[in-house]
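The values are calculated or read from the model by the stated rules, or taken from the named source; none is laboratory data. Every value quoted in this text rests on a predicted model; they were computed, and no experiment measured them. Virtual Cβ from ideal backbone geometry, glycine too; neighbours counted across all protein chains shown. Please note that ligands, DNA and RNA were not included when accessible areas were found on the heavy atoms of the full protein model with its side chains. Shrake-Rupley method; radii C 1.70, N 1.55, O 1.52, S 1.80 Å.
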Amino acid sequence: VLLVLIFDSNPIVWAQMKPAEFDGILQQTLMFLNSILLQHHSNQIAVIASHPAKSKMIFPASPCLKAKMEQEIKELAAKKNKTGDEAEKSRKLRRKELKAELAHLANPMRVIVQELAALAKIPPPSGNPKKSRLAASLSRALCYARHVKREYEKKGRFLQSRIMVIDTCGSMGANDDYVPIMNAIFSARNMGVQIDSLVMPMLGKDHSFLQQASDLTKGVYKRPDNLAGLLQLMMQWYMPDGDLRDSTLIMPKPTEVDYRANCFCHNKPQDTGWVCPVCLAIFCSARKTCEICSTEFDLGRNDGGRRKRKQMMDAKDQNGGRR
């Protein structure tokens, strides 16, 4: 099983949380990932941090980076005793440092904590600092799952992939990401990849995007009432794979999902609205220019038809319903 974890890493909202809350979420998440690895020797994990500035895969490290470090170690070993003692000492020290870095990259928990701490120091963008990049993270997770699955297929082996999203801030996905997010959700369903969602209890509300993602891909969506027993909840509902869920476990009944799209102007769900034909942005009222892609609309023709219909109805009322 390959589990790709998308962890919301918004430093602005993190700073507003109590230290005990954030430490508890992170520690229990790391324990859950360790449990996945201990469940079977072939299980794999990948962690993607969803930051307002960027989406970054923090584990595993890039294969190119590992190959480059291993090649440098071999080159340093090949130059042994070709120069003076001082150069040999510096090469030994460099080889020792590279081997320590490789050992560090093999420890997922250390790498995850270190990378999250480094991301917390990156300043968020000025445009929309509280919105994490959910669409980019989902796309990256699907691409990585597809890549690993192809490598397994070359060896004649089968791999089941899952995506788990942990929303710690309630700020994943902006309105203008609606189309990319829905595209990623439908791609996951076509690939047979389940999207599980865990929304932290202190947010106080459900996440519509994640509700739709879990419902469409037959995943699990949960928003616990409190942080007590968070690890137990993860182990009970999110550790079993899709086959075990279908055959053995009685999964929780899905909550009612609101599939209405939010307008891009006021972030409110709409039953009917106006859609830009270019970028598919949704608005609750007619506009002369799309706020997303700046496409200009010709509303005069529609206004003229509306006025003409109104004049006809007024004339009909004045004639007592006669034409």
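Output the qualifying pairs, or none if there are none: Cβ atoms under 7 angstrom, residues six or more apart or on different chains, first residue in the range 130-154 and closer than 11 Å to Ser50 by Cα, second residue assigned to a helix (DSSP H, G or I) and open to solvent by 30 Å² or more (accessible area, probe 1.4 Å).
Leu134/Asp177; Ala135/Asp177; Ala135/Pro180
Being at pLDDT below 85, β-branched (Val, Ile, Thr) and part of a helix (DSSP H, G or I) is the filter here; which residues of the range 145-187 pass it?
Residue satisfying the conditions is Val179 alone.
Residues in the range 132-158 that are open to solvent by 70 Å² or more (accessible area, probe 1.4 Å) and either of a type in the set (A, V, I, L, M, F, W, C) or under 17 Å from the mean Cα position of the chain (by Cα) (or both): how many?
5
Would you please list the contacts, defined by Cβ atoms under 8 Å and residues six or more apart or on different chains, that run from a residue in the range 109-123 that is without any contact (Cβ under 8 Å) to a residue 60 or more places away in the chain to a residue that is open to solvent by 10 Å² or more (accessible area, probe 1.4 Å) and of a type in the set (A, V, I, L, M, F, W, C)?
Pairs that qualify, where the first residue is without any contact (Cβ under 8 Å) to a residue 60 or more places away in the chain and the partner is open to solvent by 10 Å² or more (accessible area, probe 1.4 Å) and of a type in the set (A, V, I, L, M, F, W, C), are Val111/Phe59; Val111/Ala61; Val111/Leu105.
Do we find a residue being closer than 20 Å to Ala213 by Cβ, open to solvent by 40 Å² or more (accessible area, probe 1.4 Å), at pLDDT below 80 and assigned to a loop (DSSP other than H, G, I, E, B) anywhere in the range 260-278?
yes
I'm checking my understanding of the structure. Among residues of the range 197-223 that are over 17 Å from Ala261 (Cβ atoms) and at pLDDT below 85, which one is most open to solvent (accessible area, probe 1.4 Å)?
Lys205
Return the pairs, sorted by first residue and then second, in which the second residue is open to solvent by 70 Å² or more (accessible area, probe 1.4 Å) and part of a loop (DSSP other than H, G, I, E, B), the first residue lies in the range 225-238 and is closer than 16 Å to Glu21 by Cα, the beta carbons are less than 9 Å apart, and the residues are 6+ apart or on different chains.
Every condition considered, no pair remains.
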